[in-house]
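This report refers to the structure that appears directly beneath it.
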């Protein structure tokens, strides 16, 4: 009988992590490699029936239909964040992973048989199912980050890195198609059925039944290094075998700040938070007394390092959080960035063809460079992203994000090779930096208990707005005669405006927090009794 303290052996947990990383490489987000598989779709005649009868090459209708595959896939991937999180919390990681494997399997079957399916669009159905299955099998892996409590950061980085690398699946397919054998789309996705079968078998035979940690706990650990027991991971004595693996000396001394100091500062922080004008109907109660000394000290450090933003909405109801300016402005910022990124991914070759006067060879070369840079850039950026988020204030991170996205937009307007390649390099680093920064912002501003709902809502809403990508495609091809300039200008302006609006708001809140803090300190000095 497995009791509450049951934990799998070290070798089993290592195998669980290895398998999860393996399937995430092939299934977590392959649709983001769309730029690599799109040329194969065109060569294989996918949607060519939409072109005029006498057309021997791709046409506007075919390109719009292909781009809609990616648009629909992005929407489904992002919108599914909320229901997948609910299923994970309600039924556990094993059930979530099994559901994902079935969805991926059905999607692969649809894509492999799409050319023979007459009653529906097999390519669209298959691509949507592929996009939907990814979050199921990816998010169900998050709990593995704490199968080794003292190595949770490393495990989470490996799983996240495998997601960033999953876009390379279609790149490898294209390289095989171009250089070895012209494997048809049908044949490729028939072979791909191995992946969902592998995931299903792993879930049945290997993966844990229960969560090692909840999403809220993972968010807390990622920000503070403190687990749900209120202790740093380095002092986690729940699993002796982990300590034996990590150190020969299990006795570690830690500096403990005084309870009086940390409690006093946190109570002052709670009082300040309740007075910030942007926050209404505060339900913030003093949580300092319910936190360990380690938690209080970690909160204080994050308050300082974030520039005062940390904890501003912790303890508020989800309704108040979702109606706050913090949430609405971050939603707007996220939506515009997603449109910026996904529009580029879907249309990179057609954009470069126009910018470089129809130079097919050069446009193809740039497309290939992007296909390689997208997964590689994500992996290379991971450690630097962590350093930036750990050492910069929230305001500085937002300013850097806005500066990078404006640079990408301007670079995309220029028919100058150094600018084109520089824009691509910045974009592939910006993409993982952006998504990580949004989750970091949500954890710091809204708190850990509501992290899943808030972050999922932002991503889901922004994903829903990706329907505008299809509109932008249609306008570019039919109204602007394939000229991407006007849309890129609009996107650059929108991303810049939304970024500066968020920066301005956060800056105003920081100033208000500092003003209130100075007032409280002055009042405390007045109220302090004069020693006799």
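The values are calculated or read from the model by the stated rules, or taken from the named source; none is laboratory data. Remember, it's a predicted structure, so these values are computed and weren't measured experimentally. Cβ: placed from backbone, ideal geometry, glycine included. Neighbour counts: every protein chain shown.
Scoring residue 63 on the criteria (1) within 27 Å of the chain's Cα centre (by Cα); (2) under 24 Å from residue 338 (Cα atoms) leaves a single failure, condition (1). Candidates are the residues of region 319-333 that are modelled with pLDDT under 95 and farther than 13 Å from residue 445 by Cβ; the one that is surrounded by the most Cβ atoms within 10 Å (Cβ to Cβ) is 323. Looking across region 422-442, the residues that are touching a residue at least 40 places away in the same chain (Cβ under 8 Å) and under 17 Å from residue 82 (Cβ atoms) come down to 438, 439, 442.
With (1) surrounded by 15 or more Cβ atoms within 10 Å (Cβ to Cβ); (2) in contact (Cβ under 8 Å) with a residue 12 or more places away in the chain; (3) over 20 Å from the mean Cα position of the chain (by Cα) as the list, and residue 415 as the residue in question, which single condition is left unmet? The one condition residue 415 does not meet is (1). Of 499, 447, 463, 456, all but one fail to be crowded, with 19+ Cβ neighbours inside 10 Å and on the phi > 0 side of the Ramachandran plot; the exception is 447. Residue 358 - would you say it is farther than 23 Å from residue 73 by Cα, surrounded by fewer than 22 Cβ atoms within 10 Å (Cβ to Cβ) and touching a residue at least 24 places away in the same chain (Cβ under 8 Å)? So residue 358 does not fit the description; no.
When we screen 29, 45 for residues that are within 17 Å of residue 173 (Cβ to Cβ) and free of Cβ contacts under 8 Å to residues at least 24 places away in the same chain, the only hit is 45. Note on region 108-140: residues that are closer than 30 Å to residue 88 by Cα, in a helix (DSSP H, G or I) and in contact with a helix residue (DSSP H, G or I) (Cβ under 7 Å, 6 or more places away or on another chain) total 22. Scanning region 309-344 for residues being part of a helix (DSSP H, G or I), more than 13 Å from residue 501 (Cα to Cα) and over 18 Å from the mean Cα position of the chain (by Cα) gives a total of 5.
Determine, yes or no, whether residue 72 is within 25 Å of residue 343 (Cβ to Cβ) and within 26 Å of the chain's Cα centre (by Cα). Reasoning before the result, please.
Values: within 25 Å of residue 343 (Cβ to Cβ): yes; within 26 Å of the chain's Cα centre (by Cα): yes.
In short, yes.
Kindly indicate whether residue 105 is assigned to a helix (DSSP H, G or I), at pLDDT 95 or above and crowded, with 24+ Cβ neighbours inside 10 Å. It is false that residue 105 is assigned to a helix (DSSP H, G or I), at pLDDT 95 or above and crowded, with 24+ Cβ neighbours inside 10 Å.
When the criteria are applied in full, residue 52 fails the requirement of being within 21 Å of residue 345 (Cβ to Cβ) and either modelled with pLDDT of 90 or more or surrounded by fewer than 21 Cβ atoms within 10 Å (Cβ to Cβ) (or both).
Remark: residue 282 falls outside the filter, which requires a residue to be assigned to a helix (DSSP H, G or I) and either surrounded by fewer than 20 Cβ atoms within 10 Å (Cβ to Cβ) or at pLDDT below 70 (or both).
Restricting attention to region 78-96, and to residues there that are farther than 26 Å from residue 338 by Cβ and buried (at least 17 other Cβ atoms within 10 Å of the Cβ), which single residue is modelled with the lowest pLDDT? Result: 92. Report whether or not residue 477 is within 30 Å of residue 67 (Cβ to Cβ), part of a helix (DSSP H, G or I) and touching a helix residue (DSSP H, G or I) at 6+ places or on another chain (Cβ under 6 Å). Yes: the conditions hold for residue 477.
Give region 480-529 a look and list any residue that's within 19 Å of residue 409 (Cα to Cα) and not in a helix (DSSP H, G or I), or say none. Within region 480-529, 480, 482, 483, 484 meet the criteria.
Is it the case that some residue within region 167-178 is under 26 Å from residue 453 (Cα atoms) and surrounded by 22 or more Cβ atoms within 10 Å (Cβ to Cβ)? No, the conditions are met nowhere in region 167-178.
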